[in-house]
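The values are calculated or read from the model by the stated rules, or taken from the named source; none is laboratory data. None of these values were measured; they are calculated from a predicted model. Every residue, glycine as well, gets a Cβ built from its backbone with ideal geometry; the counts of neighbours run over all protein chains shown. The protein model used for the area step is the full one, side chains on, heavy atoms only, and it has no ligands, DNA or RNA in it. Shrake-Rupley method; radii C 1.70, N 1.55, O 1.52, S 1.80 Å.
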Amino acid sequence: MSYSGLIFEDKYRLMEQEYSLLHEANVAALFTTGNGYMGVKASLEEYGSLGIQGFWIRGVMDEVVEVRITMCDNMYMKKYYVEEDRLKKFEKQERVINLLDFLLVRFEIGGETFYPWEGKVLSWKRYLDLSDGVLHREVVWENTKGRQTRFDFQRFASFADDHTYCMRIEMEPLNYSERVAVLSGMDLRTKSNGQIPQKTIRVEHTGHTIRQEEIVGPKYGFHSATGICQSFGCADHRENPDAVWEDVYEDGIAAQRITFEGKQGKTYVLEKLIATVTSRDTTKELSACINAYMDAFANSSCQQEYEKHCAVYQELFSKLEIQIQGDDRADRAIRFSNYHTLISLERNDYVHSFSAKGLTGEMYNNFVWWDAEIFQAPVFQQTMPQYSKNPLLFRYSHLKEARELAAKEGCKGARYPFTTGVTGEETVWIDVRHPLLQIHCVSDVGLSVLNYLTATGDDDFVKEYGMEMLLEICRYWVSRVNWNEDKKRYEILQVTGTDEHHPYVDNNAYTNYSVYRVLVETCKLLDAYGDALEKVKRKIGFRSDEKEEFSHVSEYLYLPLNEETGMIPQFDGYFELSRELEVQGGSKSGYTQMKQAGLYNKSQVIKQPDVLMLFAYQNLEMPETIYRRNLDYYQGRCEAASSLSYCVHSICYADMDMPESAYGYLMETAEMDLENMHGGTQDGIHSGCAAGAWMAVVRGVAGMKMTSGKVVFTPHYIPWWKEVTFRCVWHGQGYRVTLNNQTIQVTADAENPGTLELAIYEKEYALSAGETAEYLFPTVLSIRG
């Protein structure tokens, strides 16, 4: 199977066999190296082309000019999508800033610089090794004079230290002995959305180090400092006595030129140990931080840093990795998705959260969306719960801004924004109507608190942080609902659900059911925690009668369901719309996620699942007939203009024991960017979709659902898979799941401190450390130690 010119060499190595300008932009995103704090696209060391090069640090943002031109050539765009008056006022937008290109390594041989588009590439092999997160490139290049040179590039972002990036380059003259020069350092001429907002304020060369500091942009004034510690020598010696070092700072390049007499058949090694620290990380002087890194790197090497990195990376990757026997294509594509899910996680702080593209591209500006809570966080709540606190702490740290946004709307409580950067304020593009109506993102934060508690049993965290968010979220909804006197019910009017094609609707199913769950579960927690919540109640002035308000609204909140047909209307009047889509005009506004220039306001065609989200991601309990009927109908209406569509459909079809359909959607999820299905891979990986591949296997195929009292399995399977295995954690108890077409085994980790409570179908079991529960289809369970 070939993806953008790439093939899997084995189950861990995704390989490019020839240099391709056609695929270079896509491959740069696919081969991104990162550690959750930083992301570095796979641009070439010898030249980082604009639009291909990228180095971002999570949450290091500023404002740049963003040109948005639209032509409203149909009534839907005019009345329902674009707010043209606000578009006239729109000029600048916040976004993550592309800091600098520290990858620069440029070899000059016989007066000719190594570029793959010059001379002749005799062999080329570039691969991302998912087993250790290292990007490799092996090249044999011949210049116009016939000089042949072997290059071997390796690089990785350290999982042992957020701020460290490592590079090792081997160079061997194959058929000549000649003077060689290598320019190694940093290219400061990087752009963000075609602009250069950053300003260098210091460049310093000291020994074999280069240190640089810059102001990232004018609005927030973040500072960023980078240091590079370099060493050069023969493969069997630390230093090459013949090398001459020259400091270079010209034309936006801060580097060192190393000149040496290259000998035929001898291998030379350049190592770059790089550190970047920003004012978003520390209150210390950045120069002092970089100096400390440079001192440490002087006594280290790439091999030493690699060993430290691997010890962390491989342990974390093993927690997330899904292994499938009998289907190499699925096994490898899902593992690739697992890799990108892992490097999207910031483990060590909460100044920012998950974003739609991770740190693999500038698209969507590194904003935090509702994807973070619903699609991305659940993966880590069930595999690495200690890190899954950070996205919640990010939301908690911005309660003040959420309260202000609610007050601005004339509501109480906290109204979380549709998108945000590092400020916690609304950052969505003001010229588009629907995002400002997508207030389901408020209850999504509440759902994430509840999901975290279900997976971890961490009552202390929820009492300290989660309940304050839940109470403020419930306050918002109590003030936001509308009482319908005629129908004696509460309704939620003028919203947009997860399906962005239909704004200004009433009683959106996903929104109403989500609000109901948050209200009901918050009331239960108020009862369960009792006096332990006095501190938070005093802090926010929680009245004794507010719980009754929450309960009353939940009791009378309208939950859309036609009991005669078993259909859940996506919103009021949905089924009165046309089942077809009338196409009119052709612009699609230029920046929308629509597959056609359609009059969606007149049509049942939806962008992505809404009702089906309730079954796949909220485990809504409904009779199977109702579930199946809604799946059949809404899947047929969905144009899947969002990458988040496929994992939902896969889970739903797995629930219905329809393996062919479940598998098809699973593969579309896992191969979304490998296949460039939506045509935007060059702009970054679809991080929520990548996380969805894990959920489609664990929640879908294995049928695993976590509850507060136990882990429940209703296994399904893919007939042509021999076996699938994965690891999870529930309430501090780790376990491994092995599923095939005859049996499911759940093995409690040997070091578990307590009992793993689980159920397979209707049978409940308790596993002590090291025990295995084996369920033979359809025989009874046996437990062996």
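A compact table of results
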read-out	value
Candidate set: segment 640-658, residues that are buried (at least 24 other Cβ atoms within 10 Å of the Cβ) and of a type outside the set (A, V, I, L, M); chosen: the one farthest from the chain's Cα centre (by Cα)	Tyr653
Residue that is touching a helix residue (DSSP H, G or I) at 6+ places or on another chain (Cβ under 6 Å) and either within 30 Å of Glu521 (Cα to Cα) or among the hydroxyl-bearing types (Ser, Thr, Tyr) (or both), where the choices are Val711, Val648	Val648
Residue match in segment 136-145 (condition: surrounded by fewer than 20 Cβ atoms within 10 Å (Cβ to Cβ), assigned to a loop (DSSP other than H, G, I, E, B) and among the charged types (D, E, K, R))	yes
Wholly enclosed helices (runs of 4 or more DSSP H) of segment 490-564 bearing at least 1 residues within 27 Å of Val605 (Cα to Cα) and among the β-branched types (Val, Ile, Thr)	509-529
Conditions (1) closer than 13 Å to Thr226 by Cα; (2) in contact (Cβ under 8 Å) with a residue 40 or more places away in the chain; number of the one not met by Ala292	(2)
In segment 201-218, the residues that are surrounded by fewer than 22 Cβ atoms within 10 Å (Cβ to Cβ) and within 26 Å of the chain's Cα centre (by Cα)	none
Flag if Pro197 is touching a residue at least 40 places away in the same chain (Cβ under 8 Å), within 27 Å of the chain's Cα centre (by Cα) and surrounded by 19 or more Cβ atoms within 10 Å (Cβ to Cβ)	yes
Subset of segment 301-350 [open to solvent by 60 Å² or more (accessible area, probe 1.4 Å), more than 28 Å from Ile718 (Cβ to Cβ) and more than 19 Å from the chain's Cα centre (by Cα)]	Gln303, Gln304, Tyr306, Glu307, Lys308, Ala311, Glu315
Residue tally, condition open to solvent by less than 30 Å² (accessible area, probe 1.4 Å) and more than 21 Å from Asp101 (Cα to Cα), over segment 276-300	1
Top-ranked residue of segment 745-765 - restricted to ones that are over 23 Å from Asp655 (Cα atoms) and either free of Cβ contacts under 8 Å to residues at least 12 places away in the same chain or of a type outside the set (Val, Ile, Thr) (or both), ranked as most open to solvent (accessible area, probe 1.4 Å)	Glu751
Count of residues meeting criterion [farther than 19 Å from Val379 by Cα and surrounded by fewer than 17 Cβ atoms within 10 Å (Cβ to Cβ)] in segment 724-744	3
Within segment 578-590, considering residues that are under 19 Å from Arg68 (Cα atoms) and surrounded by 14 or more Cβ atoms within 10 Å (Cβ to Cβ), the one modelled with the highest pLDDT	Gly585
Segment 666-681, residues that are of a type outside the set (A, V, I, L, M) and surrounded by 21 or more Cβ atoms within 10 Å (Cβ to Cβ)	Glu668, Thr669, Glu671, Asp673, Thr681
Test: residue in segment 195-215 that is touching a Phe, Trp or Tyr at 6+ places or on another chain (Cβ under 6 Å) and in a loop (DSSP other than H, G, I, E, B)	no
Residue selected from segment 682-718 under the condition hydroxyl-bearing (Ser, Thr, Tyr) and at pLDDT 95 or above, by the criterion least open to solvent (accessible area, probe 1.4 Å)	Ser687
From Pro569, Pro609, residue being in contact with a Phe, Trp or Tyr (Cβ under 7 Å, 6 or more places away or on another chain), surrounded by fewer than 22 Cβ atoms within 10 Å (Cβ to Cβ) and touching a residue at least 12 places away in the same chain (Cβ under 8 Å)	Pro569
Test: Tyr663 is under 25 Å from Glu563 (Cβ atoms), more than 17 Å from the chain's Cα centre (by Cα) and open to solvent by 10 Å² or more (accessible area, probe 1.4 Å)	no
Whichever residue in segment 612-638 is closer than 17 Å to Arg517 by Cβ and among the polar types (S, T, N, Q) and, among such residues, is most open to solvent (accessible area, probe 1.4 Å)	Asn619
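Conditions (1) closer than 30 Å to Gln635 by Cβ; (2) among the basic types (Lys, Arg); (3) touching a Phe, Trp or Tyr at 6+ places or on another chain (Cβ under 6 Å); (4) touching a residue at least 60 places away in the same chain (Cβ under 8 Å), marked per residue:
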position	(1), (2), (3), (4)
Glu491	yes, no, yes, yes
Gln494	yes, no, yes, no
Val518	yes, no, no, yes
Lys547	no, yes, no, no
Val553	no, no, yes, yes
